[in-house]
Structures are given as C-alpha cells and as structure tokens.
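J.: Here's a structure for you.
The values are calculated or read from the model by the stated rules, or taken from the named source; none is laboratory data. It should be emphasised that the depicted structure is a prediction, and the values quoted were computed from it without experimental measurement. FYI the Cβ positions are ideal-geometry reconstructions off the backbone, even for glycines, and counts take in every protein chain you see.
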Protein chains: 4
Amino acid sequence: MQAAVVGVTGYSGTVLYQLLTQHPAIEQINLYDHANGSDTVRYLDEEISAFRNQHIILRRYDAAAIMADNDVLFFATPAGVTSQLVQPYLEKNFPVIDLSGDMRLKDAKCYAKWYHKKAATVDQLAKASYGLAEFNTPTSNYIANPGCYATATLLGLAPLVLEKMVQVDSIIVDAKSGVSGAGKKLAASSHYAFINENAYVYKVNQHQHIPEIMQQLKIWDEKIKTIQFTTTLLPITRGIMATIYAKPKQDCTLENLKKAFNKYYVDKPFVRVLDEGLPNIKDVTYSNYCDIGFAYNEESQTIMIVSVIDNLLKGASGQAVQNMNKLFEMAENTGLPVVSMWP
Amino acid sequence: MQAAVVGVTGYSGTVLYQLLTQHPAIEQINLYDHANGSDTVRYLDEEISAFRNQHIILRRYDAAAIMADNDVLFFATPAGVTSQLVQPYLEKNFPVIDLSGDMRLKDAKCYAKWYHKKAATVDQLAKASYGLAEFNTPTSNYIANPGCYATATLLGLAPLVLEKMVQVDSIIVDAKSGVSGAGKKLAASSHYAFINENAYVYKVNQHQHIPEIMQQLKIWDEKIKTIQFTTTLLPITRGIMATIYAKPKQDCTLENLKKAFNKYYVDKPFVRVLDEGLPNIKDVTYSNYCDIGFAYNEESQTIMIVSVIDNLLKGASGQAVQNMNKLFEMAENTGLPVVSMWP
Amino acid sequence: MQAAVVGVTGYSGTVLYQLLTQHPAIEQINLYDHANGSDTVRYLDEEISAFRNQHIILRRYDAAAIMADNDVLFFATPAGVTSQLVQPYLEKNFPVIDLSGDMRLKDAKCYAKWYHKKAATVDQLAKASYGLAEFNTPTSNYIANPGCYATATLLGLAPLVLEKMVQVDSIIVDAKSGVSGAGKKLAASSHYAFINENAYVYKVNQHQHIPEIMQQLKIWDEKIKTIQFTTTLLPITRGIMATIYAKPKQDCTLENLKKAFNKYYVDKPFVRVLDEGLPNIKDVTYSNYCDIGFAYNEESQTIMIVSVIDNLLKGASGQAVQNMNKLFEMAENTGLPVVSMWP
Amino acid sequence: MQAAVVGVTGYSGTVLYQLLTQHPAIEQINLYDHANGSDTVRYLDEEISAFRNQHIILRRYDAAAIMADNDVLFFATPAGVTSQLVQPYLEKNFPVIDLSGDMRLKDAKCYAKWYHKKAATVDQLAKASYGLAEFNTPTSNYIANPGCYATATLLGLAPLVLEKMVQVDSIIVDAKSGVSGAGKKLAASSHYAFINENAYVYKVNQHQHIPEIMQQLKIWDEKIKTIQFTTTLLPITRGIMATIYAKPKQDCTLENLKKAFNKYYVDKPFVRVLDEGLPNIKDVTYSNYCDIGFAYNEESQTIMIVSVIDNLLKGASGQAVQNMNKLFEMAENTGLPVVSMWP
C-alpha cells in the first residue's frame, strides 16, 4: 500500500509518519504540502530536524494525484482546513483517515458554535464515520479519527454508561494534558517560561471536545446529561490523564466495576484494565495503549476512573493507524508498538 | 524576638528560615537539631548548599533551653515526631507554631487511622488551636498550622460552605501538587525519571488531609458530607492547584459566587479573588498568596473553583509566619513577601 | 526615593519591580510604557497575572516627566530601543541604570556587528559606565548593567586574568542558560515541546555577550586572546552555569586558586567562593549571589571554574539594584535578598 | 533466536526488552533474575508498570540453563556484579553482550581505581571485545558494550583523532546527561526537587568513562594526552550532549572537518553528520542515532563538535542490539527504529 499524508509537519503528522515507516503493509509514504503557497519546494528533513536523514519531498497538494498514487489518505491538517478539502475524496469514496476535528460532529451548527469556524456541509458530515476504534466499526470510507481528550474520556466512561451504572447527571471529568496537545503554533501558554513549573486551566467549559464526547455518550445512553469537562495544561510534552468522577446508580463495588470494564475491553489489544491501582501517564507514553484504573470511595459514594493515553498516539496518530488497520481489515494492532517505553 | 526552629533541614524548615531572616521582628533565629543522635555538630551551611554563607550551628535539642532562649518555637518536624515533643511547651503555655500534622485533628483515633502513627493524647490535642489563618483566631499559644492541601481546599470551599450555597454531598476536589509536598525523603515517586513527564495519582482516598478538611468543614456546616478528595503528583517542585467541583443548592450565578467570595476575603491580605478567569500555579509560587477563581457551567450545573497556593509558603511556612504574626498581634502580613515572583 | 521603570512587562522588568517593592529606600515605583502607541491605558496587574493585586498604571513615556518625578530611572527595554531614548538623560546627567545591552560596548562598530542594530553614538557610549558591580565603581550617572552571561563569566574569570594565572589563548567557556534569558517573545526555541527534555546550542560563536566579555577582559589584561564562548539553552526557567576551562601558566594548585579567588571576593557580599566542590544552579536561583567553585585536573592540566547565577537577579535586575545602591552610596546589598531560596 | 536478559528491571534492561520485542530475529526473550535471593517469583509486569501486559516470569539465574536455552545473553547488570558472572560464558565461548562497565577496560588496576570495585581477572578482560559499533568488529564472542558518555564522546572525536587534526593536549569535553544515566537507584541527586530547574556537575575529574575513552583514543593515536572530561547532570530523563573543544593542528576549515567526518560515517547507518548547524538532544532521543555537528571559530582557533545520543539507546541498549546484529552477521540496523521520535 501507498499512504498519503497531508500535514506531516505538525505534531500528529510527524508521529504518524514515524508509525507508518514501521507499518508492514505500507510500502511508501507520500507527503503532500497543503499549506505551501509558494513555488519553493520543501523537504521533510528540513522541516523536522529529528528526521534529518529523511530527505523526502513534500509534493504539491493535488487531490486527483493523491487518489491516483495512493491507497489511503491521512489528513493531519488543522480544523477549519480539512473540511475545505474533503469533497473530492467523499465523491470518489476514497479511503481517508481524518485526524482533524472537522468531520466528527454530525451537527454542523454545533461544530460552528464550538470550533468558531465554518462547518462542512451536512451531506459531507453524514458520510463520515466516527472512529472510536474500540467501539465503532467503519461505516464508510471516511473515518473521523477521535480527539485526544475524547478518546481518553470515552474509553474511561464507556462501560459505566453502556451498563447504566452511574447517575446521568453526575459525571465530572478533570482532564490534564501535555503541551503537544495544543500543537506547534507559538502561543503564550506554550512558552516554556509560562507552563514550566505551572498548571493552567484553559478553555473553561468551552473545549471543543465536549460536544464530541456528548455525541458519543448519547449514542450509548440518550439520557446522559452534559458532563462537566475541565482541561488543565501540564508541564509535560506528551500524555493525557482523564480523571473521571461519577455517582453510582445503585450499590457499587469494585467487583462490579471490574466486571463492567473487562466485559468491554478483555479482547481489545490497546486497552489495559488494571486489576488494582491507578495508571500514571508514563505507563502509556510512546505507545498506543489506553490504561484504565478505578476506585470506589464508599465514604463519598464516588466512583473514580483514571484513563491515560499518549495524546499523539492513541489520542491521534496511533488510533489513526488502528483505524486504517480496521478499514483495510488487517489485525487492529498491525504495525503499532507492542510495548510502552520506559523510562 | 528570638525564634527557635526545629527541623530546619526539611523543605518547610528551610523556607521558614528564609522567611524569618526577612522578618523585621525576628532578631535572631536559633536552630535545634532533634534528629541528630550523634555527638557530631551540624551546621546549616553544610546541610543546605544554597545557604552556604549561613554558618549557623544546629544546637542540641533541649526543651528547657529552647524556652529560656526564645520567644516562639516552630516545629518543622515530621508527623509522628512532633507529638513526642509537645508536652513541655503545652505545660508552660509556650508559644508554638507546629507545621506538622500531629496536632491538627481533635480526634486521636481519627489521627491514628489516617496517619498510621501513635496520636498525641486527647488532652494535648485539646490545647492546640487549628490555625487556618483567614478564619481562625488563636485560642491558645499552640497553633497547629494547617496542611498544604487543606489550606488550598478550605480557602476555596469556605464561602460556599459557610453560605450554604452547595449541595452537601456534591463536593469533589481534584487537587494537584508539586513534588516538594512529599518532602526530602528519597522515594520512587520523587525520582526524577519517574515523575518527570508524568502525573501520578497517589494515596487514593487515603490522604491524611481528608479528615483535617472534614473537621473544619463540619465546623462551618455540620451537614457537609465526606468530600471526594484526590491528590495527583505533578512534575513541578512547588505549588498546589485544588480544582473543586460542587452542585449549587439553588439558582447559581457568577454574581452570587463573586459576592460570597468577596464577603469573606475582601479584607484578607493573602487571598486574591479573581474578578474573572482562573488562576494558574505560577501566579502564587514563592508568595504567601492564595488565588481563587470560579466558573459556573449552566449546562452541567456545576460550580468550579480553582484555588492555588505555594505549598511551602501559604501551605506551610508562610502561613506559619502569618500565624506567628497573629499570635503576637502584629499585622498579619509582617515580613512576608508583598508581590509574587515571575517568571 | 522614587524610581522609574521603563519596560516592566518584560522578565527583567518584572523581577526589578519585585525587588524595588522590597527596597527600603524606594518609596514609590513609577512605571512608564514606552511600547504602547495607542491611547489605551495599561495596568500592571492586567499585564502580569502574578501581580494581580498591583493595580498600577503604566504612564505614558515622557523623559522630562520621568526626570521631574523620579530620582533614578531603570531601562528594562530591549536592545535597539534603549539607545533611542538615552539622550535626554545623558544631557541632564540623570541617574540611569540600563539593563539593556545598548550602552555596554565602547566601540559603536562592534555593537553594530554583534547586535545587528544601529548603535548609540560614540559620544553617548563614552558617557556610560560599565557596571560589573564587584569590580567597577560608577564613573558617571549612566550605568550600563552587564549582561547575564557576561556577569557569570567575568566573575568566574576575573581572578585568573587579573592575576595572570592562565595561558592567554586557552580560555573556553561552556555556558548554559535557562529559557527566561531569551525573553518573553514567542520563539520556536522557547516552545515547551521543543526545549523540554532537550538541550540546544544556539548563536554559535555569535553571542552578543562575547564582545562585552572581551572588552572587560582586555581591561584586566590586554594580552588575553578571544575566548571560545558557547551558549546552551537548558530546560529550566531561570539560572546560568558558566563552566570555564583554562590552562595554567605555571604550576597550579588548588591553594593558589583559592587564594586568588578569595583575594578578590572575600569582602564582596554577593560572591560566594566555595571552599571545596562546585556549585549547582539552584544554589543561587531567586538570589543575587554568584557562587564560584573550582577544580584543577593535573592529568589534563586544566583549571575548571564553575560560576552560577540567577540570570534575572545577579544577571540583570539584582545587579541593577546593586548598582543603584552603589551609585547612591548605600550599602551594596540594601534591599536585596539575604538568603537563597530552596527548594 | 532466543535471547536471555539479566537485569531487565534497570533502565537499560527495560529499554533492551522493548527493542528485542521488535527485533525480527528474536523469537523469544527469556528473563533471568540475578538479584533475587528469595523464593518469591517476580514477574516483569509487576516490576515495570508500563509493561503491565507483559506477564513474563523472571527465571532463577542459572548460567548453564541460560546457555542451554538461549543463543545470546545480555547483561544489563550493574558494574561490580557482572564480573562475578562472566566466567562460565567465557569458558564456553557463549555469545554475550555486556552493557555494564566491568569488561571494557583491559587494565584491571585501572578498573579498580576508577570503579572502586574488584576487577575481573586479566584473563577474563583479555577475552572481551570492546564494541564501539562503528569502529570495532567483534574479535570474540564477548562484547563489552561501550558506556553512554564514551559512545557520544568517541564518535565525536574519532575523525579528529584518527586523522590527527587536533593538538594532542587540547581536547576538552563538556558532556551533559539526563538523569536516567545514573540509574534507577534512589539518590539525592536524582530527587526531583533537587535536579528539576537545576544543573549539577558531578564526579569532577573522576568519571569512570574517562579511562574507557582514553583507552580507545590511544588505540587511534597513542600520542593523545588525557582529555579534560566534565559531566553535568541536566533536568531531562534521557539524552546526552557531548560538547567537544579542541585546537586544530594546522589550518582548519569547515570543509576539512566535513570531509573527515564524512570519511568515517558516510556508510554508517546510525551516525548522521550534519551539513551545517548543530544537533540538539531531542533530534535523537528514542532512536539509535548519534548526530554530530561541528563549527570552527577562527577568532578563538577552536573546533567545537556537538555529539548527541539517547543514553539508553545508542548509549546502551540500542548499541547492544547493534552489536548483537554485528556478532550474528545481520544487517547492523536490523530491528532498530528507523526514524527518531518527535516531539
């Protein structure tokens, strides 16, 4: 197979490239440069110094050429950009894995409200298949790859919601993320002297992953009320920890929790449910794992779930490869790292 | 005044020493070495390299000599150690500021359960005055200085609880702390290669500040139910962020929240209530401030409070000096830094 | 005294403000906003969130008003900006402490070459007094405050060069700095995801502190040859470590080295020469100290000096206050922190 | 092939395990527990939480069983331990890759002096082949895998020394390392609150990699004098930067330097010589690359080389796999990551 990547110079594009170079089914990776308006040709090794032996041209972006020369396309382009590009691929039913947020929400108005950008058309949105890999089988050739916070949160909540174990208005998610989640663009909040030795709550009640999470939760249980979802920037480069709190519907035990989580994840290669204790972020960084632990506090009658992922792997490019594997009916874990990295 | 410090080589002892050197009422600081069983004399500059021009002897610990030579004593000794030392001072009603957790809880059994150590006697405990500086006036000469997490959490919750604005069983605190909170002792969780680029939930539902927080909350409103309180270690040296969630009792507005917080803090020199937005940790590190911001999410019907402190200043030694100031009827902010440090 | 600060929103301006609020001789600090071209009035607390209780106006910049209302002026403005502003103060012989690099070099051509900016005039440059506080007494009312790297390096080299202990062509300085040294401006190299977990050599053989160092070294010994000076950015916010290597002229011993360093620093309040061992950066951060240690390797016949400072204190605003103290004939350490901060 | 690993729970053992799971020639990895004196059986997933799905037993250490069941053995055991275990493998000429420092030095006295431990016998030492992979072809079945600092330094110096381009008494190496280089053992210098926001020069003129470097340099040019070699601990987990200074013998140009480096590395898969500029540490972390850049300063007549590696990959386990590949005559880069990780 030949794979096209648009947006390789961003963080998720870069990680995607790394993963694809190790994928046994990918013979060649072709890079396309959407952002470049000039005639100057760019090369991968000049953009990403860590890739200094990858002297690969970023080709001029051309949808027809991309479809002619490749078997699958990955969009690692920013929200607001991707939706401008999707039409030719949807028309031809060409396999696309879209890492941006543009095609995740079915409701165009909702998109415009949360993303403050022009939405794709309702027709276009209807053709995208939301690819939470552990739960959703592709229903079309266009996969909307989930957001990083949404992945960690939904995998942590799924068993509770599907099994209707928690009070529908009780869910609170205190999610923490590394700085790479905000992308490569320079910003005051990613300046080292600001975020180092700091923690910073941002986009208060306005994070664009909230409607994405709610859309999926309501598919699982339409009675679920809007969750409280808070995002805190941490002084780390990679990783997300979603700490989830909820009140149980009835008598809750650790045994019941364990049973519920194992029911959904026992056969999933990338979700590791802890027998006891809680995972930390470095358990999963540089891997495609989502590790999930839980505790129940009888005193406060509160379930706590801790779900951790690498925002750039399981929360972006790793899940994208996983979705490609599913779309092409390969084993779900083909070409993805088997073990985490430590230290 | 002359001030005695026992436990100067620990983190809070060290910061306390720094603060006392800048305090206009303190003419001399005398250091006492409780831990040293040997005959070798230790000097401050040999223990703390940052203090290399402070060639000050750590005197042999002797309660009678301490009382003879000083006007006030600070215990910066570990929990379990302090309680063994308190009796002579209580008997003589000698002024003590105790930074350890040993004398904070009135209930000796509760202490033993949460601290896994032998408690002080009920008589001794009864003589200690829990010194949450913004709310409690010393009722005795023995001040039990609050814990770091307890300070950030109680200051964030006080207006809500005193004004009975929140449902009594709805409080969830997701608190994050820097590594200095765990002290100088070597531990796997404070090894750089573990906690760097990581976040780590520890002492799940078992942190010893939970009963301390509950004891004070129940004084404010005896109907308050046990809160959910979670502690996450962050890769920073100093600072605590307590993110507090609660459901309002009745219609909640930002105006009401602001009114409640200003009611209690308008005249407090070390609590800064934000007009809008939320504070980050570096707003307060190296200062004695507690900065508090709030938000209300109508969709999820959740109040969110963010309360930040420097765990070693407002959460330990700064509040200890503040308590000394109160005990000796000086202005509350005497000798404490006026502005935060940035960057 | 009243002190004017121009450029308070930059890192060194911010730290300067903190220091001046604690200075016993400064009754009032007046802030002036040079950069603001608009009519909108700015306030300190809105610019620096850590200063949220400092609701102080940034006044319109006006040289005449500044001189009328103040006793001393601090420029914390960028290189290239300051030189445009100096003339009125030089004419009136008004006391100025200039933290920028604009007036440090006596040679205007040399300035233009290394700073890539237009230099002040030769007349203006002649009126500035280079204020390496431990060695230079003000010869005019205009103090050019030394650069951060220059301070650490010169204090580390001074005894060796003044005593002619090293071969004149053998000096190599491997200097490391925290990110705050590069200022608040957004740049790829201060993005958290770049410099975290990294080390980065920059401005190779082109750092603008090289001519500043050479100018002073040649005053001490005109035979000194151009040193090798390398700057490496470290993932820390504050602090500089200058590791200095040189070959001794004749038989070198630790005793001789110690004697030389103590000769120059024994009565200097802010230089701490180590009896043994080498200092680390945190020994001095948040203080005005420069700690210096040394070692001699007989095998390689190499002297190694390690000199550490806080780039924003001793390397900028702390030394600026020290220079103000000297200019106004106060004790050199007036208003400056007595002890370092730890941890 | 089946591979045995002794010492899997240390940092280099852990990384080695990760690499071996991805190696196409390794069918099975067998783990042996040398340190465990008790009867309790340990499992990999219980020791390393990041490996929580690797429920693999640590077998009792038994040299005969190891040789019977495996084709190659990796020692990831500490210095002082390995030498006690080597004899059976040397006797049987069994393939061993030894990551410890015990068998690198040919001179037993020198080992004892620098390691402060009992050396292996001269006979044993004679049978080991020092495996600087780019330069040394295995001369026996026992490969002494180079140290991390030695690898970065030797690869940076090799062309200069082999081509006799630098003055033999002029080499100074200012090397910086992440904390993982000091291993998992708890120590004051790896406590987060110490090394975070710090830089720390350690083992001044006493680092045990100095004789290892000198031994190899003298093979390349016996006239080389003892280098100055300084090690500075940085607040990063992984990575080494060796900044190397030397004076050229005769007229030096960038062209000559480039020619010399390309001569030795043009066909080496894991050394990337930069056409211009200098590498930073994150260019190579999580890869087996050594990136080398250089500059020449005509003013100071100093060559500067910057050589960066991941201390746990190219500086330990990655080079160990590379050496296994060479020993078994596979392509040198078999099973090793093709591209670096970023960010």
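J.: Given (1) touching a residue at least 24 places away in the same chain (Cβ under 8 Å); (2) over 22 Å from A:G147 (Cβ atoms); (3) surrounded by fewer than 22 Cβ atoms within 10 Å (Cβ to Cβ); (4) within 14 Å of chain D (Cβ to nearest Cβ), where does A:A260 come up short, assuming only one miss?
T.: Against the list (1) touching a residue at least 24 places away in the same chain (Cβ under 8 Å); (2) over 22 Å from A:G147 (Cβ atoms); (3) surrounded by fewer than 22 Cβ atoms within 10 Å (Cβ to Cβ); (4) within 14 Å of chain D (Cβ to nearest Cβ), A:A260 comes up short only on (4).
J.: Next question, about the same structure. Applying the selection to region A:197-240, what residues are more than 16 Å from the chain's Cα centre (by Cα), part of a strand (DSSP E or B) and closer than 18 Å to A:A316 by Cα?
T.: A:L233
J.: Here is a further query. Of the residues that sit in region C:114-130 and are part of a helix (DSSP H, G or I) and touching a Ser or Thr at 6+ places or on another chain (Cβ under 8 Å), which one is surrounded by the fewest Cβ atoms within 10 Å (Cβ to Cβ)? Explain how you work it out, then say what you get.
T.: As a first pass, look at region C:114-130 and keep what is part of a helix (DSSP H, G or I): C:114-115, C:122-127.
Subset that is touching a Ser or Thr at 6+ places or on another chain (Cβ under 8 Å): C:124, C:127.
Numbers: C:Q124: 17, C:K127: 19.
Looking at the filtered set, the residue picked out is C:Q124.
J.: Same structure, new question: Scan region A:272-317 for residues that are of a type in the set (A, V, I, L, M) and in contact with a Cys (Cβ under 9 Å, 6 or more places away or on another chain) and jot them down.
T.: A:V284, A:I303, A:V308, A:I309, A:L312, A:A316
J.: Among C:E299, C:E329, which is on the phi > 0 side of the Ramachandran plot, free of Cβ contacts under 8 Å to residues at least 12 places away in the same chain and not in a helix (DSSP H, G or I)?
T.: That would be C:E329, the only listed residue that is on the phi > 0 side of the Ramachandran plot, free of Cβ contacts under 8 Å to residues at least 12 places away in the same chain and not in a helix (DSSP H, G or I).
J.: Hey, another quick one. For region D:309-317, check the following and say yes or no: at least one residue is touching a strand residue (DSSP E or B) at 6+ places or on another chain (Cβ under 8 Å), within 14 Å of chain A (Cβ to nearest Cβ), in a strand (DSSP E or B) and surrounded by 24 or more Cβ atoms within 10 Å (Cβ to Cβ).
T.: Taking every residue of region D:309-317 in turn, at least one turns out to be touching a strand residue (DSSP E or B) at 6+ places or on another chain (Cβ under 8 Å), within 14 Å of chain A (Cβ to nearest Cβ), in a strand (DSSP E or B) and surrounded by 24 or more Cβ atoms within 10 Å (Cβ to Cβ).
J.: What tally of residues in region A:318-343 results from selecting those that are crowded, with 19+ Cβ neighbours inside 10 Å and either of a type in the set (A, V, I, L, M) or within 14 Å of the chain's Cα centre (by Cα) (or both)?
T.: Selection size over region A:318-343: 11.
To keep it simple, each residue is scored yes or no on (1) out of contact with any Cys (no Cβ under 6 Å at 6 or more places or on another chain); (2) assigned to a loop (DSSP other than H, G, I, E, B); (3) more than 21 Å from D:P78 (Cβ to Cβ); (4) among the β-branched types (V, I, T).
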position: D:F135; (1), (2), (3), (4): yes, yes, yes, no
position: D:T139; (1), (2), (3), (4): yes, yes, yes, yes
position: D:I143; (1), (2), (3), (4): yes, no, no, yes
position: D:G156; (1), (2), (3), (4): yes, no, yes, no
position: D:K164; (1), (2), (3), (4): yes, yes, yes, no
position: D:S170; (1), (2), (3), (4): yes, yes, yes, no
position: D:S180; (1), (2), (3), (4): yes, no, no, no
position: D:L186; (1), (2), (3), (4): yes, yes, no, no
position: D:S189; (1), (2), (3), (4): yes, no, no, no
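J.: If I filter region B:213-229 down to residues being touching a strand residue (DSSP E or B) at 6+ places or on another chain (Cβ under 8 Å) and under 13 Å from B:L154 (Cβ atoms), which single residue comes out as nearest to the other protein chains (Cβ to nearest Cβ)?
T.: The selected residue is B:I227.
J.: Separate question: Kindly indicate the residue of region C:213-240 that is touching a Gly at 6+ places or on another chain (Cβ under 9 Å) and free of Cβ contacts under 8 Å to residues at least 60 places away in the same chain and also surrounded by the most Cβ atoms within 10 Å (Cβ to Cβ) among those meeting that condition.
T.: Only one residue fits best here, namely C:I236.
J.: Which condition does B:I292 not pass, out of (1) away from chain A (no Cβ under 12 Å); (2) in contact with a Phe, Trp or Tyr (Cβ under 8 Å, 6 or more places away or on another chain); (3) surrounded by fewer than 24 Cβ atoms within 10 Å (Cβ to Cβ), if it passes all the others?
T.: All conditions are met except number (3).
J.: Could you say which residue among A:D33, A:D62, A:D39 is out of contact with any Gly (no Cβ under 7 Å at 6 or more places or on another chain), among the charged types (D, E, K, R) and surrounded by 15 or more Cβ atoms within 10 Å (Cβ to Cβ)?
T.: A:D33
J.: In this structure, does C:T243 turn out to be at the interface with chain D (Cβ under 9 Å from one of its Cβ atoms), buried (at least 24 other Cβ atoms within 10 Å of the Cβ) and either among the aromatic types (F, W, Y) or part of a strand (DSSP E or B) (or both)?
T.: yes
J.: Identify, by number, the condition in (1) surrounded by fewer than 24 Cβ atoms within 10 Å (Cβ to Cβ); (2) within 10 Å of another protein chain (Cβ to nearest Cβ) that D:I171 doesn't meet.
T.: Of the numbered conditions (1) surrounded by fewer than 24 Cβ atoms within 10 Å (Cβ to Cβ); (2) within 10 Å of another protein chain (Cβ to nearest Cβ), the odd one out for D:I171 is (1).
J.: Here's a follow-up. Give the residue that is surrounded by the fewest Cβ atoms within 10 Å (Cβ to Cβ), with candidates limited to residues of region A:193-212 that are more than 19 Å from A:W114 (Cα to Cα) and in contact with a strand residue (DSSP E or B) (Cβ under 7 Å, 6 or more places away or on another chain).
T.: Restricting to residues being more than 19 Å from A:W114 (Cα to Cα) and in contact with a strand residue (DSSP E or B) (Cβ under 7 Å, 6 or more places away or on another chain), the top hit is A:Y200.
J.: Within region B:318-332, is even one residue away from chain A (no Cβ under 14 Å), closer than 21 Å to C:Y17 by Cα and out of contact with any Cys (no Cβ under 6 Å at 6 or more places or on another chain)?
T.: No.
J.: Hey, can you tell me all the residues within region D:92-113 that are surrounded by fewer than 14 Cβ atoms within 10 Å (Cβ to Cβ) and over 19 Å from D:Q216 (Cβ atoms)?
T.: D:K92, D:N93, D:A112
J.: Filter region B:8-29 for residues that are within 10 Å of another protein chain (Cβ to nearest Cβ), free of Cβ contacts under 8 Å to residues at least 40 places away in the same chain and surrounded by fewer than 21 Cβ atoms within 10 Å (Cβ to Cβ) and give the result.
T.: Matches in region B:8-29: B:T21 only.
J.: Another one. Could you check A:S287 against (1) farther than 17 Å from A:G147 by Cα; (2) of a type in the set (S, T, N, Q); (3) crowded, with 24+ Cβ neighbours inside 10 Å and say which number it fails?
T.: Only one criterion in (1) farther than 17 Å from A:G147 by Cα; (2) of a type in the set (S, T, N, Q); (3) crowded, with 24+ Cβ neighbours inside 10 Å is unmet by A:S287, namely (1).
J.: Return the pairs, sorted by first residue and then second, in which the second residue is among the charged types (D, E, K, R) and at pLDDT 95 or above, the first residue lies in region A:88-113 and is at negative phi and assigned to a loop (DSSP other than H, G, I, E, B), the beta carbons are less than 6 Å apart, and the residues are 6+ apart or on different chains.
T.: A:R104/A:E212
J.: Consider region A:1-56. How many of its residues are in a strand (DSSP E or B) and not aromatic (F, W, Y)? Explain how you work it out, then say what you get.
T.: Start the filter on region A:1-56 by keeping residues that are in a strand (DSSP E or B), which leaves A:2-6, A:28-33, A:42-43.
Next cut, not aromatic (F, W, Y) only: A:2-6, A:28-31, A:33, A:42.
Qualifying residue count for the region: 11.
J.: I've got another one for you. Would you call A:D251 touching a Lys or Arg at 6+ places or on another chain (Cβ under 9 Å) and either of a type in the set (D, E) or not in a loop (DSSP other than H, G, I, E, B) (or both)?
T.: no
J.: Here is a follow-up. Look through region A:74-91, keep the residues that are out of contact with any Ser or Thr (no Cβ under 6 Å at 6 or more places or on another chain) and surrounded by fewer than 20 Cβ atoms within 10 Å (Cβ to Cβ), and return whichever of them is nearest to A:L20 (Cα to Cα). Break it down into steps so the answer makes sense when it comes.
T.: Residues of region A:74-91 that are out of contact with any Ser or Thr (no Cβ under 6 Å at 6 or more places or on another chain), as a first pass: A:74, A:78, A:80-81, A:83-91.
Right, trim to surrounded by fewer than 20 Cβ atoms within 10 Å (Cβ to Cβ) and you get A:78, A:80-81, A:84, A:87-88, A:91.
Numbers: A:P78: 20, A:G80: 25, A:V81: 23, A:Q84: 25, A:Q87: 25, A:P88: 24, A:E91: 26 Å.
Here the answer is A:P78.
J.: Another question, then. Any residue in region A:185-212 that's more than 7 Å from every other protein chain (Cβ to nearest Cβ): show its pairings with residues that are among the β-branched types (V, I, T) at Cβ separation under 7 Å, as long as the two are six or more apart or on different chains.
T.: Close Cβ pairs (under 7 Å, with a partner that is among the β-branched types (V, I, T)) amount to A:S189/A:I195; A:Y202/A:T231; A:K203/A:T231; A:H207/A:T231.
J.: List pairs: first in region C:276-293 and under 11 Å from D:A199 (Cβ atoms), second of a type in the set (V, I, T) and part of a loop (DSSP other than H, G, I, E, B), Cβ under 8 Å, 6+ apart or cross-chain?
T.: Hits for this filter: C:L278/D:V204; C:I281/C:I236.
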